[in-house]
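Everything below concerns the one structure shown next.
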Amino acid sequence: MDPVLASGIFALGLAFGSFLNVCIHRMPLGLSVVRPGSACPGCEKPIRFYDNIPVLSWLILRGRCRNCQTRISPRYLVVELLTAILFLICYSHFGLTLALLKCCVFGFLLLGLIFTDAETHLLPDELTLPGLAAGLLLSLFVPVNDLLSMILPGVVQLPISSDVSWRLFSLLDSGLGALIGASFLYGAGAIYLRARGVEGMGFGDVKLMAMIGSFVGFRLTILTIFTASIAGSAFGLWTVLAVWFKRTQRRKHVFHESGATARRNAWASALVALRRHQMPFGVFLGSMGLVALFFGQQFFTWYWRLL
């Protein structure tokens, strides 16, 4: 990597991370991300430009407002650093190409959606729908190289130039990924609703999966859904075990129950808590979408070598 370019891309990532924090805070509230300017949520005073420098200002002020000392969430620092690091990884992975732009756009959108879902259990249309459009558009300039691009050129001969044909097949790959991703999530949500009588998958997750599919294509969409389901299940299991252990200890000390009785009652209580807990599945979809972007092709290469 060119150190000058790498430094510039890292700084650009910090700036976009700062803007992403505004999106994460305001979009779920239905507020404009442009006006008014940044202000303290406590005293509502405008934040001065020298207190709005990514990462550095948070560290200097020790995570507090200069005026009223209201605590500023560490999320601001984390998002800025993660965005900058992600931009740098995209540069190291793709170099100074259009693929770098596509990677940065995809990562920017996913980070915003991951943190918004984690905090509010919402996936704003202002990120997912423009992201879907961006994925389809960028497929015309950066090849998706998925199933259609590999199979159809040898089967279907189009009376157009090769430059146009690969763009067409790439767009079809992108559209297929979006369609399959959205349909799979929608179908799973409908089945869960019919079986359990409660909503298990929101339309925000469906739109997020359509956006991811438009960027990565059909195969990596399936990989994203599969790995996200495993990660979500592991998180759910860990949550149940943590609640079970905590409530077992409490029942022993508060209700003076025996070990077996406390474990049995605590397990029933943990299962009820899990059913009532709204899991931010968009966090897992977004995280696994990033993993699929960087390592998905290597995974499939490794997998086919095993067969």
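The values are calculated or read from the model by the stated rules, or taken from the named source; none is laboratory data. Because the structure is a prediction, the values reported are computed rather than measured. So basically every Cβ, Gly included, is an ideal-geometry build from the backbone, and we count neighbours across all protein chains shown. Remember, those area values only see protein heavy atoms, side chains included, never the ligands or the DNA or RNA. Shrake-Rupley method; radii C 1.70, N 1.55, O 1.52, S 1.80 Å.
List of remarks:
- Close pairs from segment 231-252: first assigned to a helix (DSSP H, G or I), partner open to solvent by 60 Å² or more (accessible area, probe 1.4 Å) and of a type in the set (A, V, I, L, M, F, W, C), Cβ under 6 Å, at least 6 apart: Val240/Leu274; Trp244/Trp267
- A single entry from Val105, Val79 fulfils the requirement of being at pLDDT 95 or above and open to solvent by 30 Å² or more (accessible area, probe 1.4 Å): Val105.
- Of the listed requirements (1) closer than 15 Å to Gly282 by Cα; (2) surrounded by fewer than 16 Cβ atoms within 10 Å (Cβ to Cβ), Leu140 misses just one: (1).
- Scanning segment 144-179 for residues that are at pLDDT below 85, open to solvent by 70 Å² or more (accessible area, probe 1.4 Å) and within 19 Å of Met211 (Cβ to Cβ) yields a single hit, Asn145.
- Listed by first and then second residue, the pairs linking a residue in segment 52-63 that is on the phi > 0 side of the Ramachandran plot to a residue that is open to solvent by less than 70 Å² (accessible area, probe 1.4 Å), with Cβ atoms under 7 Å apart and 6 or more places separating them unless they lie on different chains, are Val55/Leu14; Val55/Leu77; Val55/Glu80; Val55/Leu81; Gly63/Ile72; Gly63/Pro74.
- Total residues in segment 119-135 satisfying the condition of being within 16 Å of Arg26 (Cβ to Cβ), open to solvent by 60 Å² or more (accessible area, probe 1.4 Å) and out of contact with any Lys or Arg (no Cβ under 9 Å at 6 or more places or on another chain): the figure is 3.
- Every residue from segment 17-55 that is of a type in the set (A, V, I, L, M), under 25 Å from Pro130 (Cβ atoms) and in a loop (DSSP other than H, G, I, E, B): Leu31, Val33, Val34
- Failed criterion for Ser7 (all others in (1) out of contact with any helix residue (DSSP H, G or I) (no Cβ under 8 Å at 6 or more places or on another chain); (2) open to solvent by 50 Å² or more (accessible area, probe 1.4 Å); (3) assigned to a loop (DSSP other than H, G, I, E, B) hold): (3)
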